[in-house]
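**Q** Before I ask anything, let me first share the structure, which is written out below as structure tokens.
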Amino acid sequence: MARNIQSLERAAAMLRLLAGGERRLGLSDIASSLGLAKGTAHGILRTLQQEGFVEQDEASGRYQLGAELLRLGTTYLDVHELRARALVWTDDLARSSGESVHLGVLHQQGVLVVHHVFRPDDSRQVLEIGAMQPLHSTALGKVLSAYDPVAHSEALEADRKAFTDRTVCDLDAFEQILDLTRARGYAADVEETWEGVASIAAPIHDRRRMPVGSVGITGAVERVCRDGELRPELIAAVRDCARAVSRDLGAGRF
């Protein structure tokens, strides 16, 4: 019979301890509760912290569960369910906006396109399901970075490459964009990733109000913008679509 790995058992016990009772625990509390020496407990906590499973409050030094554990625990929602719930609404968004629609989720420091509805015209288009988009410059990516703590961390750690002269690469400026995204409930990309192309995206939440993806439209700047500004009716349509998918996932009204 195979023997259990003691360090993994201790790490699992530590995560269960942090998941119940008080929100944050100090090193002494954790060590005494699990019958571990402080040095042993600290080593396990440090490893869990490096992997994003545990976070330490800088002010108090206490520990709590990290965002990466929450992401793995739910897989931030099954992608197939997300696609299934979004099918009707993304089709409606493509028809009402006249633009292509993309549904994205966080994947390996980028945005994975899991659903793509073609622009409803006769133009030649390429299916982009499975394509990756950057977090820092696309509307889909900015939404995830603004609402998902794991995506936010990965966007900060990633190489924020300049795709055009409009791409925002500076950290402080990028954080300001994320603040604006959270304040207004949507993100935009006007020629920050591709010349002549503009996008609008909004967040999708599940029944726990956790961010599970983003949905948005993409089209030529002259169609998505009017007089240098995003068309307000397109912003409203994207936000309505995101809210509808969120409601279907059990998030209630936003």
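The values are calculated or read from the model by the stated rules, or taken from the named source; none is laboratory data. This one's a predicted model, so the numbers in the text were calculated from it and none came from an experiment. In this analysis, Cβ positions are derived from the backbone assuming ideal geometry, glycine residues included, and neighbour counts consider all displayed protein chains. Side chains included, ligands, DNA and RNA excluded: accessible areas come from the protein's heavy atoms. Shrake-Rupley method; radii C 1.70, N 1.55, O 1.52, S 1.80 Å.
**Q** Checking Glu68 against (1) part of a helix (DSSP H, G or I); (2) within 16 Å of the chain's Cα centre (by Cα); (3) at pLDDT 95 or above: exactly one of these is not met. Which one?
**A** (3) is the only condition that Glu68 fails.
**Q** Let me ask another. Out of all the residues in the stretch 172-201, which are more than 18 Å from the chain's Cα centre (by Cα) and under 15 Å from Ser145 (Cβ atoms)?
**A** Result: Asp172, Ala173, Glu192, Thr193.
**Q** If I ask for residues that are under 19 Å from Gly219 (Cβ atoms) and surrounded by fewer than 24 Cβ atoms within 10 Å (Cβ to Cβ), which ones from the stretch 98-116 would you list?
**A** Gly98, Ser100, Val113, His115, His116
**Q** Show the residue pairs that are 6+ apart or on different chains and have beta-carbon atoms under 8 Å apart, the first residue being within the stretch 16-35 and outside any helix (DSSP H, G or I), the second being of a type in the set (Gly, Ala, Ser) and at pLDDT 80 or above.
**A** The qualifying pairs are Arg24/Ser60; Leu25/Ser33; Gly26/Ser60; Gly26/Gly61.
**Q** Go through Thr167, Thr138 for me and flag whichever is in contact with an Asp or Glu (Cβ under 7 Å, 6 or more places away or on another chain), more than 26 Å from Arg243 (Cβ to Cβ) and of a type in the set (Val, Ile, Thr).
**A** Selected residue: Thr167, the only one of Thr167, Thr138 that is in contact with an Asp or Glu (Cβ under 7 Å, 6 or more places away or on another chain), more than 26 Å from Arg243 (Cβ to Cβ) and of a type in the set (Val, Ile, Thr).
**Q** So is Glu229 touching a Ser or Thr at 6+ places or on another chain (Cβ under 6 Å), open to solvent by 30 Å² or more (accessible area, probe 1.4 Å) and more than 19 Å from His152 (Cβ to Cβ) or not?
**A** Answer is no for this residue.
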